[in-house]
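Report on the structure given below.
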There are 2 protein chains.
Amino acid sequence: MDMTSTYLSSESGVHCRKREQVLDAARQLFITHGYGATSMDAIAAEADVSKATIYAHHDGKEALFAAVTHRECRRITARMAIPDDLEALALRPALTRIARSFLDAVFSNQSLSLLRMVVAESARFPELGRIFYDSAPGYTLANVIAYLDGMRALGRIQLDDCEQAAAQFLGALRGDIHLRALLGLPVDAANFDALADEAVATFVARYAVAPQ
Amino acid sequence: MDMTSTYLSSESGVHCRKREQVLDAARQLFITHGYGATSMDAIAAEADVSKATIYAHHDGKEALFAAVTHRECRRITARMAIPDDLEALALRPALTRIARSFLDAVFSNQSLSLLRMVVAESARFPELGRIFYDSAPGYTLANVIAYLDGMRALGRIQLDDCEQAAAQFLGALRGDIHLRALLGLPVDAANFDALADEAVATFVARYAVAPQ
DNA sequence: GTCTATATGAAGATAGAC
DNA sequence: GTCTATCTTCATATAGAC
């Protein structure tokens, strides 16, 4: 099945209230219970709509799932933009701002739920992993790489491979608790500031040209 | 359902050839297609056994899944032990050895498949996330923390929080590609050595007492 | 313990009226 | 476009013979 074309053909339809109801209900149920454990009956009930209405708007369960995921990826991408006034800041506060917004975004319930869903179903929908990666983690990584490129051009950091350093920095931020959160284990958000400071301090120790 | 007790009650039975066949077949199918997409019929066919035989050994599909997951977690734990002669090495080569074995273990198809499966089903089986975490990532983290504690006692590194530093180190190793691999995107294992070297270099730059 | 055959129920999808 | 009612398929689980 070509999910993209299926999705786009649905999207090209006129705006419709029930269509949104269905997408919202499906989103909530897919995210909460996963693809396999969510029935079309449950979605219809949650959306306060008949099953036939769902099938009038979507070609089937898989297409509905694809539409929900695409929409959710777009929403997340919209929240992940890095501000462009970072170059005015010194290295350390700029990295700290990146780190904190990264942690907030990555550990939001929205991001975690979507990531769980995509990981779970990426075997069934192979292109889903790519779409999600490009929408969220890949997009953020590209932003950080661009920032590091700028800092290197300004001579404030010294490194060969900005992509490697950016991946290392974001990985250090995720640390162990990203995995914990993904597995549904408790994560204490109160430590995020300290986590960010530690990751920034490590980055500075390795790559900064002058003591910051 | 109490998965642990269910599992243990099954385990206490006598060894049985068909029982192993069932577990092996279920393991392969669950890992390949996920819980929801794997039918008991398929498991029976793969194990060359009748469905009734499966139900003679396991209380149902959920119990079978629990048994498979527990067994797989135990197998992974057994491969994750860190050698205890690390203290004889200097900091940098010791960390490099830890890093490489970590990357090999974490990016093995076995680990990735199991992690995907657990992430997918941790909503349905809440205790599964805890069991998996303790068996693999938590176990490895504890080993690294123990090593860092030893290095700190020897005065070779300087840091307040070994747990934080260990999580940061392992996170930096995972970088972005662990997520990529989890989403089914291609990962180039040829870069693992360079990845390990970079993460070690960063750790040394931040925490080592004397230049290594 | 193991099999064949079957009961039971759930879920995806559709027909046809309005 | 939307609904009610239904069709069809398939998966879990079990009954009963050997």
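Descriptive notes on the structure:
- All lysines inside 25 Å of B:K61 as judged from Cα atoms, apart from same-chain residues fewer than 8 positions distant: A:K61, B:K18, B:K51
- Across the identical copies, how the B:D24 labels are spaced - nm, sorted shortest first, 7 Å along Cα→Cβ: 5.3
- Crossing angle, helix A:162-174 versus chain A [Cα axis fit, 0-90 degrees, rounded to tens]: 70
- Nearest-ten-degree value, helix A:109-121 long axis tilted from longest Cα axis of chain A: 70
- Farthest toward positive dipole pole in chain A [+1 Lys/Arg, -1 Asp/Glu at C-beta], among A:F203, A:A99, A:A45: A:A45
- Using alpha-carbon coordinates, inclination of helix B:61-79 to the longest axis of chain B, degrees: 30
- Other residues with beta-carbon under 12 Å from the beta-carbon of A:S122 carry, at +1 per Lys or Arg and -1 per Asp or Glu, a net charge of +3.
- For A:M40, the point set 7 Å out from Cα toward Cβ sits 2.5 nm from its twins in the other copies, listed from shortest up.
- At 7 Å out from Cα toward Cβ: A:N109 inter-copy label distances (nm, ascending): 3.9
- Summed side-chain charge close to B:F30 - residues other than B:F30 whose Cβ falls under 12 Å, Lys, Arg +1, Asp, Glu -1: -1
- Comparing Cα centroids, the range A:55-132 and the range B:48-124 end up 28 angstrom apart.
- Sum of side-chain charges, B:V200 neighbourhood, beta-carbon under 10 Å (Lys, Arg +1; Asp, Glu -1): +1
- Global form of the protein assembly as shown, assessed from the alpha-carbon gyration tensor, a/c cut-off 1.5: oblate
No lab work stands behind these numbers, since they all come straight from the coordinates. Everything numeric here is computed off the predicted structure, so don't read it as measured data. Heads up, the Cβs are rebuilt from the backbone with ideal geometry, glycines too, and the neighbour counts pull from every protein chain shown.
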